[in-house]
Amino acid sequence: MSIRLAIGQFRELTDEKLRFATQSGVTGIQMNNPILPGETRWEVEDIRPLVEKVKAFGLVFEAIENVPVQFYNKAMLGEPGRDEQIENYCHTIRSVARAGIPVLGYHFTPNSVWTTDRTTTTRGGAKARSFDMGMVSANIDNAEVLKSFLPVNLGLANALPLHTGPELAISAKQMWENYTYFINAVLPVAEEEGIRLALHPDDPPVESLGGVARIFNSPANFMRAHEIAGGSPSWALDLCLGCCSEMPGGRDNVVTMIQHFAPLGAIAYVHFRDVQGTVPHFTECFIGDGNFDPAEAMALLARNGFDGFIIDDHVPVMDDDSPWNHRGRAHAIGYMQGLLRMGEYARAFA
Ligand SMILES: [Mn+2]
């Protein structure tokens, strides 16, 4: 297969989203944390109708990204009960695979994505997410303020580990041990089922937040994770270019990650977005307006043999945009389609 585009980052599969996909000219669908029955795991019977519905629109169900965090929070934190969660996670892997979905995305960030301002002004007055570690440090003892930096839409703010004060409650060493235990328990099942597990970076990629160390915050640490997984064909990346761009070094991380992992076939799919600035302080932006050159990133993906799908991920909120940001997404999709078409054209005449 060759590089292709999808839409997603929604929890409910409506006809409207599927019509938006076909009207936009993308070929695939991804869902993030779909709303499904099950408090601890998912069943194949519940996932299969989603795949059938996507197929009925002439589209491909490319991936599910993220299960509810309470499916594997103890595994991430190394708490008692993790073995039971891992057993259920293996069941979910089988369910997703047997429903015909080839990729299950995940993160290893127990206390989620942090945002210090959801309405920072970017190009032309569009609104974007931003993060400033200075705001976290200034409120390090104020649990209420710290909680306001957690996602609002999951209703989980109270369930996530959130420690105040500068000390670490869970060290990087502990997180590496937890990851090693988890990934080596679930990968054999993924391999058996022929499904790939795609790891998303920590966002923001700082050393720690809320007393919990973050380990997926540099290219070197992804290389370490790949080694821990023994180079398993089921270990892969959900390569969020935005998170890589947020890391110190900005664009250089995007180049390093693509050049290292694409030739290994270890990039399952890409989140194609960007930011201005790097940690400790960055703001999301329109693609073409950030730290890396989108044409360079797309050319690197193609030249290094990437053959998965690409999705827009977060986009700025344009005037009169919808809750799912149709306007911002339409801009990103059109931009990526232009890059891909120009790439085909240039290759044909190379
Ligand atoms: Mn992402």
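The values are calculated or read from the model by the stated rules, or taken from the named source; none is laboratory data. Computed from a predicted model, the values in this text were never measured in an experiment. Every residue, glycine among them, receives a Cβ derived from its backbone with ideal geometry; neighbour counts consider all protein chains shown. Surface areas here come from the heavy atoms of the whole protein model, side chains and all, with no ligands, DNA or RNA. Shrake-Rupley method; radii C 1.70, N 1.55, O 1.52, S 1.80 Å.
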Is it the case that the stretch 137-150 has a residue that's at pLDDT below 90, surrounded by 13 or more Cβ atoms within 10 Å (Cβ to Cβ) and either part of a helix (DSSP H, G or I) or in contact with a helix residue (DSSP H, G or I) (Cβ under 9 Å, 6 or more places away or on another chain) (or both)?
no
Residues of the stretch 1-26 that turn out to be open to solvent by 40 Å² or more (accessible area, probe 1.4 Å) and assigned to a loop (DSSP other than H, G, I, E, B), as a count
6
Taking Phe261, is it touching a Pro at 6+ places or on another chain (Cβ under 8 Å) and of a type in the set (Phe, Trp, Tyr)?
no
Quick one: which of Thr92, Thr14 is under 21 Å from the mean Cα position of the chain (by Cα) and among the polar types (S, T, N, Q)?
Thr92
Only one of these is in a helix (DSSP H, G or I) and either more than 15 Å from the ligand (Cβ to nearest atom) or within 30 Å of Ser137 (Cα to Cα) (or both): Ala332, Ala299. Name it.
Ala299
Looking at Gly58, Gly100, Gly105, which is the one that is outside any helix (DSSP H, G or I) and farther than 25 Å from Trp324 by Cα?
Gly100
Would you mind finding the one in Val279, Val270 that is β-branched (Val, Ile, Thr), within 13 Å of the ligand (Cβ to nearest atom) and under 21 Å from Phe108 (Cβ atoms)?
Val270
Residue by residue through the stretch 109-132, note down the ones that are assigned to a loop (DSSP other than H, G, I, E, B) and in contact with a strand residue (DSSP E or B) (Cβ under 7 Å, 6 or more places away or on another chain).
Pro110, Asn111, Trp114, Thr115, Thr116, Thr122, Ala126
Could you look through the stretch 97-121, keep only residues that are farther than 19 Å from His281 by Cα and touching a helix residue (DSSP H, G or I) at 6+ places or on another chain (Cβ under 6 Å), and pick out the one that is modelled with the lowest pLDDT?
Pro110
Please enumerate the residues belonging to the stretch 100-116 that are in contact with a Phe, Trp or Tyr (Cβ under 8 Å, 6 or more places away or on another chain), touching a residue at least 40 places away in the same chain (Cβ under 8 Å) and not aromatic (Phe, Trp, Tyr).
Gly100, Ile101, Val103, Gly105, His107, Thr109
Residues that are open to solvent by 10 Å² or more (accessible area, probe 1.4 Å) and part of a strand (DSSP E or B): does the stretch 222-234 have at least one?
no
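Out of the residues in the stretch 302-329 that are in a loop (DSSP other than H, G, I, E, B) and within 15 Å of the ligand (Cβ to nearest atom), state the one that is nearest to the chain's Cα centre (by Cα). I'd like the intermediate steps shown before the answer.
Taking the stretch 302-329 first, the residues in a loop (DSSP other than H, G, I, E, B) are 304-308, 312-316, 318-325.
If we keep only those that are within 15 Å of the ligand (Cβ to nearest atom) too, we end up with 308, 312-316, 325.
Working: Gly308: 14, Asp312: 11, Asp313: 8, His314: 10, Val315: 13, Pro316: 17, Asn325: 17 Å.
Residue satisfying both the conditions and the ranking: Asp313.
Looking at the structure I just gave you, is Lys127 open to solvent by 10 Å² or more (accessible area, probe 1.4 Å) and touching a Gly at 6+ places or on another chain (Cβ under 6 Å)?
Spelling it out, it is not the case that Lys127 is open to solvent by 10 Å² or more (accessible area, probe 1.4 Å) and touching a Gly at 6+ places or on another chain (Cβ under 6 Å).
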What are the residues in the stretch 183-216 that are away from the ligand (no atom under 16 Å from the Cβ) and either within 16 Å of Pro161 (Cβ to Cβ) or part of a loop (DSSP other than H, G, I, E, B) (or both), if any?
Gly194, Ile195, Glu207, Ser208, Leu209, Gly210, Gly211, Val212, Ala213, Ile215
Reported set for the stretch 236-260 where residues are touching a helix residue (DSSP H, G or I) at 6+ places or on another chain (Cβ under 7 Å), away from the ligand (no atom under 14 Å from the Cβ) and open to solvent by less than 10 Å² (accessible area, probe 1.4 Å) is Ile258
